[in-house]
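Values quoted throughout were computed directly from the atomic coordinates according to the rules given, and no laboratory measurement underlies them. A quick note: this is a predicted structure, and the numbers were derived from the prediction, not measured. Cβ sites come from the backbone with ideal geometry, for glycine too, and all protein chains shown count toward neighbours.
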Amino acid sequence: MRVIVIGGGYGGIRAVQALVKNRDLEIVVIDKNGYHYLQTDVYSYIANETNISDITIDLGALFRGLREDIQYINETVLEVDENRNEVITHNSRFTYDYLIIATGSVTNMPVKVEGIHRYSYGVKSLHHALLFKQKFEASIFEYIKYGGCAKFNIIIGGGGLAGIEVAAEMAYIKDIYLTTIGSGCKGVSIYLVDGSGILKGQDPYVIEKSTKRLEKLGVKLKIGNRISKIDKDFVYFGDYDYIRYNFLIFTGGVLGNSIGLQKEVSTNKIGQYIADEYFKIHKNIFAVGDVVEVLDEKGNYVAPTAQSAEQMGTGIAKNILRDIAGKGMKKISPKNRGFLVALGGKYASANLMNLVRFSGYKAYFFKLLVTEGYKLPLKYFTAKGRKIAENW
Ligand SMILES: Cc1cc2nc3c(=O)[nH]c(=O)nc-3n(C[C@H](O)[C@H](O)[C@H](O)COP(=O)(O)OP(=O)(O)OC[C@H]3O[C@@H](n4cnc5c(N)ncnc54)[C@H](O)[C@@H]3O)c2cc1C
C-alpha cells in the first residue's frame, strides 16, 4: 500500500509523522523545494535575529530521519490523474493508493490591481523573503548613504498576520538602523494599508494591542483604503488618493495552490479545494492546509494557519491508517488553540484559547517557545537523517 504526500510544509510533515507508525506502508513525499520553509518565523529573519538555516528544514534528511525507507522526491507536481491513481511530475509518474495534497498557498495578488505583480514584493516563499530582505536593507542603506533626509516611504499592503508582523519588524529595525549607521532625520515612513481593518475576525484584545504597538513604532495605518493601481512611483487608492513609495510589500490574502485533477474538483473563489468532513476531495485523495477551505461549526470561513494545517495533516493520516485497518474514518475539525502575533523586537501579543491574554515580552517569549517546540524535534530527525546518509 503506497501513500503519496505532495508538499513537505506544516501539513505534509505532520501527515508523514503520523503515517510512519504503520511500518508496512510505503511513503513517498514529493516537494518542489529541498527544504521546509518556516513562514511563521519570517519576522525573526527580517529582524536579523535568525538566518536562512534557522527558517528552513532539509526535507530529504528529515524524512530519512523519520524513517529510512521514506522516498523523498524533489520535483514539482504538474497534475494528478485520479483515474489511473497517478501523480505526474516533469520526469515521472508515481502511482498511489492514497494521496494527500498539501501544497499550501501563494499570495493572492488581485488581478484587477494594475502593476501589483511588477512592483511589489512578497514573503510567502523563501526566495521572495530573501529578495525582500536584501532589497529592504539595500534601500535603507542607500537612503542613509545619501544624506537620509529625503522622504522614504515603505508601504505594506494587507493587515493580516503576515502584514502586521512584517510592518512591526520593519518599523522596529529601521529605527535601529537610523540610530546606529545613522542619520538624525526621520524621513522613513512605514504605511500599513488594508481595505477593511487589521487582523480582521481576531480577538479584540489582540487587535487593540497590535494597533497600539504599531502606532508606537510609528507605523501609519491607512485603513479602509483599497489599493487600486500601482506604477513605478505611486500607489493609488481610487482616483484621487495616492502615496509616493520607495518600497512596496503585498501580503494580501492567500490563493490555494491547488493541483489539477482530470475531473473538475470544486474550489472556492480563492482556489482552495472544497472537501468533505474528512478533508477528502475525491475517493482516495485528501487535501490539507492552506490549499483546502476550512469552515467552523457555524459554516464561517476560517483563515488558514500553520496550526490548523498541522492538525489536518495528523487527522488525515490517522484516518488513512484507520481506513487501511478497516475502521471508519473520524470527522476532522481543526481547533484554534490560540493566536500569537510578533510585534517588532521582543514584543508580541497572545490570546490562548480565549482564556488567557497577554502582551509584551512574556508573549514574545511564549511565541519563541512555540516556535522552538515545533522546530526542535524536526531538527533532531534531520540530524538523524544526515547521520544515516553518512553511514550509507
Ligand atoms: C509571514 C507569515 C507569518 C505567518 N505566521 C503564522 C503564525 O504565526 N501562525 C500560524 O499558524 N500560521 C502562520 N502563517 C500561515 C502559515 O505559514 C500557513 O498557514 C502554513 O504555511 C500552511 O501550511 P501548508 O502545509 O498548507 O503549506 P506550506 O507550509 O506552504 O507547504 C506547502 C509545500 O508544498 C510544496 N509545493 C507547492 N506546490 C507544489 C507542487 N506543485 N509540487 C510539489 N511541491 C509543491 C511547497 O514547496 C511547500 O513545501 C504565516 C504566514 C506568513 C506568510
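Observations on the structure shown:
- What the Cβ-Cβ distance of Ser92 and Arg226 gives, at R0 = 41 Å and to the nearest 0.05, is a FRET efficiency of 0.40.
- Sorting 42-49, 323-330, 378-385 by average packing, meaning the other beta carbons within 10 Å per residue, from highest down gives 42-49, 378-385, 323-330.
- Shown here are the Rg and Dmax of the Cα trace of the chain, at 21.9, 72 Å.
- Cα gyration tensor category, rounded, prolate or oblate, for region 254-392 with a/c compared to 1.5: oblate
- Between region 352-377 and region 85-119, the Cα center-to-center distance that results, in Å: 31 Å
- Structure-based [θ]222 nm, the chain - -39500 (n - 2.57) summed over DSSP H runs of at least 4, per residue, nearest 500: -10500 deg cm²/dmol
- Degrees, to the nearest 10: 361-390 long Cα axis against longest axis of the chain: 50 degrees
- Counted by neighbouring Cβ atoms within 10 Å, the residues Leu131, Leu221, Leu99 run from fewest to most as Leu131, Leu221, Leu99.
- Using the Cβ of Gly195 as centre and a radius below 12 Å, the other residues enclosed give a net charge of +2, where K and R count +1 and D and E count -1.
- Segments 294-307, 28-41, 160-173 sorted - mean Cβ within 10 Å per residue, highest first: 160-173, 28-41, 294-307
- Taking every DSSP beta bridge that has both ends in region 109-252, the antiparallel portion is near 25%.
- Amide H contacts of Ile100 (H built 1.01 Å from N, under 5 Å, at least 5 apart or other chain): Ile4, Val5, Ile6, Phe286
- Computed from Cα atoms, the angle from the helix 161-177 axis to the main principal axis of the chain rounds to 40 degrees.
- Rounded to the nearest 20 debye, dipole of region 113-264 from Cβ charges on Lys, Arg, Asp, Glu: 200 debye
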